[in-house]
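Encoded as structure tokens, the structure appears first; notes follow it.
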Protein chains: 2
Amino acid sequence: MVTIYDVAKLAGVSAATVSRVVNGRSSVDAGLAARVQQAMAELDYRPNAVARNLRRQKTSIWAVIISDIGNPFFTSLVRGVEDVGQAAGYSVVLCNSDEDPAKEARYVAAALAEQMAGVIISSTGKAANLSRLVDAGTPVVAIDREVRAAAVDTVLVDNAHGADLATSHLAEQGYRRIACITGPRRLPTAQRRLQGYRAALTAYRLEPDDNLVRYGDYREEGGYQAMASILDSGAAPDAVFAANNLMTVGALECLVDRGITVPAQMGVVGFDDIPWAHLVRPSLSTVVQPTYELGRTAALLLVERIAEPTRPLSTVTLRTELKIRDSSAPREQRFR
Amino acid sequence: MVTIYDVAKLAGVSAATVSRVVNGRSSVDAGLAARVQQAMAELDYRPNAVARNLRRQKTSIWAVIISDIGNPFFTSLVRGVEDVGQAAGYSVVLCNSDEDPAKEARYVAAALAEQMAGVIISSTGKAANLSRLVDAGTPVVAIDREVRAAAVDTVLVDNAHGADLATSHLAEQGYRRIACITGPRRLPTAQRRLQGYRAALTAYRLEPDDNLVRYGDYREEGGYQAMASILDSGAAPDAVFAANNLMTVGALECLVDRGITVPAQMGVVGFDDIPWAHLVRPSLSTVVQPTYELGRTAALLLVERIAEPTRPLSTVTLRTELKIRDSSAPREQRFR
DNA sequence: GACCCGTGGTCACCATCTACGACGTCGCCA
DNA sequence: TGGCGACGTCGTAGATGGTGACCACGGGTC
């Protein structure tokens, strides 16, 4: 490995001068600087980031800890983070916790041990993981999922409102027995989306029925199971609102398997878009989240938090939007 | 930050002893070890990985550099890498090059500077990036895409064979004017898949026609454009083989927009599965790659390479499999 | 009494950064 | 013109946290 001393020796200066040239922090005589530059080029010198990190007590890497790499929700979110991060001089690496608090804890520990410059995290819900970062002084931004017990900047979408939109839309289309498949109980997004669903029922004077509600796991399998369970319960839904994209897919699969046609026999609206939603037949109505913007916003917050660690906490809530496609076609056209 | 010295002072031992307890390398008296453990717990001591990395001259992190985080192909591949990596004591972080050699170079530079323990990379094609890693002694495994000019272990799928399978299948189903949308010219996977397509044409005595071939960008947009271009050229295809999943989706969209029905007017087979392929109507026939296994195999090779840096290079080629669904239904049923 | 082994401390080292001080030059003023 | 202060530039030295080679010590064994 070529070190700063090798460069210094070749250029006939001290290591400190080479360091100054590399970092451009302090003024160095132009002639000397040129000699150093040449020596660096000649030796193909690359500063050792590990040593630099140790000395500076921080790195120039951000960790983005996401809860499910298989969920396309995160891909454009990550792009948003990356674009801002790169522009600000950071490398962005991704860690996949797979909804497993233990795996999340591992990555949090790694981020701490490696002294990452910042962390953006979609938490599995364990506040302790976040607090550990905050206590160590690592700048953190929570994304998609708020963590009440931890004092961190947060970027959310208006989950309740989006769910309300979706459910209201179904109600307006004439559906009367609207089921809801929400996410894991412990996740605030699941709670909020359920709230929004219930608010819409109330607004449209539809009878709430616990037999129409299930808690899934935010994955395809869970959506399938929940849909099957609702159907088997005899609750006789005529529509379903699924609280995330993968569960919507799972629910659809279940409906296909049971020979239930959408939307003729069952209206469907999902929360969060899926790629190729328009290729799926029938095309899926969904609550669309501004995923890229979510990532961007989180990254901007992180930049600000790094620049000013003591600034007051902020929570940014972004708007969702209902995208109406075929799976929630008006019921009255067929049955009234 | 709690350092090893703080722990040492509290436990009344030297820092070296604490280090020994932490790493369990050398024998330490049980009583002392217990005191050290207690002191560590009391202070919530976490070893500084940066300092350790500097001293040891390597980290315990793997970087997986992928070319498109939006492509679901990579998600299960990454899971395969992670499962093996975690088991072997490594943390796995993801870097997204977005098919941009400059971004790839950035991440390679970061992996070098941070002295990553190993790198698994799906290269954009710039051999220089790989060689830089190899020259610096970083263990590297190329995945999905071979890089001829670089001396690295490689894990591939039988691209030509898979493309041959897909094209032959279309031919057997009675399609005669089979188009091909392959990937960027510079990528070996694109070349191999085109080879396989041509081999199948030859085998079935179908006339090759350059008007039926396009080079896309492995993204949705490129698939759309390529499909449109083929249709506009007057080449009159009756089927199309698209050389990756996202381009297949793009091609389908184009067909939908033009009112061309699949498979009645156009048979379609894609390379690499997409999630929810069975929900898309018509359901998509695809060449399925063993993505999880790809990741797993690459990770295992990396482990071996780390253990034995001088072992001879190996290339593992995994089998693909044709999954027949509705988009390639027999042509003769309708037209003969 | 010599040797060995288990145990634990000392110290050099990893590559880089930076506070501090030294040195030289320049300008200003007497 | 000489002296002094200011400033720019550069080197020295210590610091960053942890590791491991080496050494010292003490007790046991032959």
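Tell me, how many Å apart are the Cα centres for the range A:71-87 and for the range B:111-130?
21 Å
If each DSSP helix of 4+ residues adds -39,500 (n - 2.57) and the sum is divided by the residues in chain B, what number results at 222 nm, nearest 500 deg cm²/dmol?
Helix contribution divided over all residues of chain B: -14000 deg cm²/dmol.
³J(HN,Hα) across the range B:197-204 via Karplus (A = 6.51, B = -1.76, C = 1.60, θ = phi - 60°), whole Hz, x for Gly/Pro?
Listing the rounded values in order: 4, 5, 4, 5, 4, 4, 4, 9 Hz.
For the range B:4-47, count the residues as N, evaluate 2.2 N^0.38 Å, and divide the Cα radius of gyration by that value, please.
0.96
Given 0.36 nm per residue, what is the gain on full extension from B:Arg311 to B:Ala235 after removing their alpha carbon distance, in nm?
Working it through step by step, the gained length comes to 22.3 nm.
Which whole-number value in Å³ per residue fits the convex hull of the alpha carbons of the range A:161-221?
82 Å³
Under the rule of at least 5 residues apart or a separate chain, name every residue whose amide H is placed under 5 Å from the amide H of A:Val64.
A:Val93, A:Leu94, A:Cys95, A:Ile120
Would you pull out the residues with amide H under 5 Å of A:Cys180's amide H, same chain only if 5 or more places away, H placed 1.01 Å from N?
Close amide H contacts, sequence-distant or interchain: A:Val213, A:Arg214, A:Phe241.
Between copies, how far does the label point of A:Gly89 sit from its twins, in nm, shortest first, when each point is 7 Å from Cα along Cα→Cβ?
Shortest to longest, the spacings are 3.6 nm.
Between chains B and A, what is the buried accessible area summed over both chains (1.4 Å probe, protein heavy atoms, nearest 100 Å²)?
Buried surface at the B/A interface: approximately 4500 Å².
So which residue, out of A:Asp135, A:Asp238, A:Asp272, gets the largest mean-square fluctuation from a GNM of chain A using Cα contacts under 10 Å as springs?
So, out of A:Asp135, A:Asp238, A:Asp272, the one fluctuating most is A:Asp135.
When the dipole is taken about the Cα centre of the range B:4-47, and only Lys, Arg (+1) and Asp, Glu (-1) are charged at their Cβ, what size is it in debye, to the nearest 20?
Rounded to the nearest 20 debye, it is 140 debye.
Rounded to the nearest 20 Debye, what is the dipole magnitude of the protein assembly as shown about its Cα centre when Lys and Arg each give +1 and Asp and Glu each give -1 at the C-beta?
1140 debye
Could you tell me whether the range A:119-223 comes out rounded, prolate or oblate from its Cα gyration tensor? Rule is a ≥ b ≥ c as square roots of the eigenvalues, rounded for a/c under 1.5, then prolate if a/b exceeds b/c, otherwise oblate.
Prolate.
Shortest first and in nm with one decimal, please list how far the A:Ile324 label point sits from its counterparts in the other copies (point 7 Å along Cα→Cβ).
Sorted ascending, the copy-to-copy spacings read 4.3 nm.
When the Kirkwood radius is taken over all Cα pairs of chain A, what Stokes-Einstein diffusion coefficient follows at 25 °C and 0.890 mPa s, in µm²/s?
Translational D for this selection: 110 µm²/s.
Rounded to the nearest 20 debye, what is the charge dipole size of the range B:120-258 about its Cα centre when +1 sits on each Lys and Arg Cβ and -1 on each Asp and Glu Cβ?
340 debye
Just to confirm the numbers: A:Ala149, label point 7 angstrom along the Cα-Cβ line, distances to the other copies in nm, shortest first?
5.4
Explain nothing, just compute: Karplus ³J(HN,Hα) = 6.51 cos²θ - 1.76 cosθ + 1.60, θ = phi - 60°, for every residue of the range B:154-163 in order, whole Hz, x for Gly and Pro.
9, 10, 10, 10, 7, 4, 4, 5, x, 5
In whole percent, how big is the carbon plus sulfur part of the accessible area of the protein assembly as shown, probe 1.4 Å, protein atoms only?
Whole-percent figure for carbon plus sulfur exposure: 50.
How large is ³J(HN,Hα) for each residue in the range B:20-28, as worked out from phi by the Karplus curve 6.51 cos²θ - 1.76 cosθ + 1.60 (θ = phi - 60°), to whole Hz, x for Gly and Pro?
5, 5, 4, 9, x, 7, 10, 6, 10
Farthest toward the dipole's positive end in the range A:280-321, which of A:Thr310, A:Leu284, A:Leu294, given Cβ charges of +1 (Lys, Arg) and -1 (Asp, Glu) about the Cα centre?
The residue sitting farthest along the positive end of the dipole is A:Leu284.
With all protein chains present and a 1.4 Å probe, how do B:His161, B:His169 order by accessible area, largest first?
Of B:His161, B:His169, the descending order of accessible area is B:His161, B:His169.
If all Cα-Cα distances of the protein assembly as shown are sorted into 20 Å bins from 0 onward, what percent lands in each bin, rounded to whole numbers?
17, 44, 31, 7, 0
Tell me the per residue accessible area of the range B:4-47 using a 1.4 Å probe; a whole number in Å² is fine.
Accessible surface, normalised per residue, equals 61 Å².
Per-residue mean of other chain beta-carbon atoms within 10 angstrom of the beta-carbon, peptide A:108-115?
6
Run down the lysines and flag those whose C-alpha is under 19 Å from the C-alpha of A:Lys103, throwing out any fewer than 8 positions away in its chain.
Excluding near neighbours in sequence, the set is A:Lys126.
The values are calculated or read from the model by the stated rules, or taken from the named source; none is laboratory data. What you see is a predicted model, and the numbers here were worked out from it, not measured in a lab. Cβ coordinates were reconstructed from backbone atoms using ideal geometry, including for glycine residues, and neighbour counts include every protein chain displayed. To get the accessible areas, we keep the full protein, side chains included, count just its heavy atoms, and leave off ligands, DNA and RNA. Shrake-Rupley method; radii C 1.70, N 1.55, O 1.52, S 1.80 Å.
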